[in-house]
Amino acid sequence: MKTGKFEINVDELRKGGVVKLKDKDMFSLWVRAVCDNMDAVKLRKVAELAEKYAKGYVLFSTRQFPIIPHIHFKDVGAVKDELEKVYVMLDRCGTRVRNPDVCYDANICPYAVMDPISMGEKLDQFWRDDPGGFKIKTSIVGCEKQCSSPRVLADVGFVGAKRSGRRGFDAYLGGKLGLDPFLGIRMAELLSEEECLKFLRNYTQFLRKEGRANKKERAAALIRRLGEEVVRDAVTHDLKQGFSTTPFECDTKQSQKIDKSILRIRATNGEVTSKQVRKIADIAEKYGLGYVHFSVRGGPEIPGVDSALFVEIAESLKEAGLEILDKGIDNLQTCFGGYCVNGNLNTQPLLREVEKIVKKLGLNDLDIKISASGCPNSCGISHLSDIGFMGVVEPEVIKKKCTGCDICAKACRVDAIKIENKLAVIDLEKCKNCDMCIKACPFDALYEKRQGISILVGGRGAYFMDDKKTGVTLIGKKLVDFIDEKRALEITQKILELAREKSKTVAELIDEMGIQNFRSFVLR
Amino acid sequence: MEKIKIDQNIDMRGVSCPLNYVKTKLAIEELEVGEVLAVLLDDGEPIVNVPRSAKEDGHQILEVNKIQDHYQVLIKKR
């Protein structure tokens, strides 16, 4: 399609992976990472394109693939063409199936009970030609430590497990964060790969038959609306029949056991400059297996590194302003934050301030996770962190501007808006303060009555360090709402001081003190 | 209400996000400032997203009309 200003191939956009940002005509490109890994050659290409067409940095996202933010509308086609030269496609977004997420190769991770990569290759093929229309996230982990949190970060989560001498994948259904988080329910146990695929086939057929596409229904909504038992019957029938597919080969798959370490690198806000990306690619080639793994919390990981060389590598990383992510506070992660079209909060500068507090307090021995999301959709997994920030807004209707067109009610994901006598009426009890109604209103008939930061506490996606808590996933509880950044930082400092004093995670502190006492202590 | 003069029509029914927005945007590019584009959009995600994006690009939404199972949106280029 050609116009006076632009020439673009609109077909480029049909498959998704191109997401609009807040700045006019600016998009982000979601770069696909098969099995959440990417080799050094592809990674360098991503770095080069970020420099050539965008702002010279890449976002390592909670969805475990790199994103190039700030690409102008007219350059989308060119970037996509250049990526294809190194056999890289775009990931999918919107109401489409997402590429499956995995933790680590069973040949790399000593804890793996099942091989997530083998399953991931099959899922990749399974989803390849999905027609879209429904959002479906899938995630596979090799053991019950559940490093990539499939019980909450995926509609369908397969968790490698071993019980009474048998191994297989437990299948969880319904996981999601967002406005109404849902912890996936275990629907079937110890499935083979073929049975997992049959489970998934059952689910997709059921979703297409029963799901309300206009309501963007996902597994959690089906379970809530139809009841657990109805859904269980639908997804577990005839599992024994199995379903098979030719796997799409993951080019970073390891054929032999590798008894080495995984080097993790700090990337605050998931942001890594092109120069840093090239350094990481170099290190992966020189010291590792030639590829990088994308973790949920955004810190890039280089598997297959001899830990005796960590000191030498740390020196090399320093040249690019990078450091190893060791014990202590995990990578400070966020979503698009300030540049997302839905963002209500500049999460990036907030987390930079939090980072200063962390450094000042010297919290090196605590297993604590902190993240921030620009809005309650929680793409920055705020619900799964010891301390999770979210930008929140309270909407109000300007009666004389409202035409009763109903678009705000459609934009509302929690049915908090009704049109009565051609006027939008908001139920603030139901409202989750996401601001979608205000942004969607074509006539500016809604405005932000209140705006601020909400803090969630005590969430936990996975317990890696503590074997007693294997398999536990906790959704954070709301501590406080509509506060400003200064107050948010004061509270954060208070929580971290308490965690340091007692040497406990926030979830443990809440367990010990009770949420009421914890709240009154840290808000004092 | 006075009838608004429509300068251009596009039918974005059956076109998914963000393609419907991009095509709408390209159609707006073709207009002169002050001219009006009428876009047909599906219910669901398109009717929530496309007018919003046009608004964020600085254009004015004049009307949103429900027609059976879809919508007609009138956008004035600014």
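Since every read-out is calculated from the coordinates, none of them should be taken as a lab result. Because the structure is predicted, anything quoted here is derived from the model rather than measured. Cβ placement follows ideal geometry from the backbone for every residue including glycine, while neighbour counts extend to all protein chains displayed.
The figures follow:
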item: Bridge type composition, the stretch A:251-391 - antiparallel percent by DSSP, nearest 5; result: 55 percent
item: In Hz, Karplus ³J(HN,Hα) per residue of the stretch B:60-68 (6.51, -1.76, 1.60; θ = phi - 60°; x = Gly, Pro); result: 10, 8, 8, 8, 10, 10, 7, 10, 6
item: Given charges at beta-carbon only (K, R positive; D, E negative), |dipole| of the stretch B:18-59 in Debye; result: 100 debye
item: Neighbouring partner chain Cβ atoms per residue of B:33-44, average, 10 Å criterion; result: 1
item: Three-way shape label, the protein assembly as shown, alpha-carbon gyration tensor, a/c 1.5; result: rounded
item: CD proxy at 222 nm, helix term only [per DSSP H run n ≥ 4: -39500 (n - 2.57); per residue of the protein assembly as shown; nearest 500]; result: -9000 deg cm²/dmol
item: Charge dipole (debye, nearest 20) of the stretch A:226-325; +1 at Cβ of Lys and Arg, -1 at Cβ of Asp and Glu; result: 240 debye
item: Within chain B, percent of DSSP bridges classed antiparallel, to nearest 5; result: 80 percent
item: Cα gyration tensor shape for the stretch A:251-330, rounded if a/c is under 1.5, else prolate or oblate; result: rounded
item: Antiparallel DSSP beta bridges within chain A, percent to nearest 5; result: 80 percent
item: Sites matching trypsin sites (Lys or Arg not before Pro) across the stretch A:176-244 that sit in DSSP coil, with at most 14 neighbouring C-beta atoms within 10 Å; result: A:Arg212
item: Once exposed loop GluC sites (Glu not before Pro) are cut out (DSSP; at most 14 other Cβ, 10 Å), longest piece of chain A; result: A:1-248
item: Alpha carbon centroid spacing (whole Å) that separates the stretch A:276-333 from the stretch A:463-524; result: 29 Å
item: Residues with amide H under 5 Å from that of A:Leu325, placed H, sequence gap 5 or more; result: A:Arg264, A:Ile265, A:Arg266
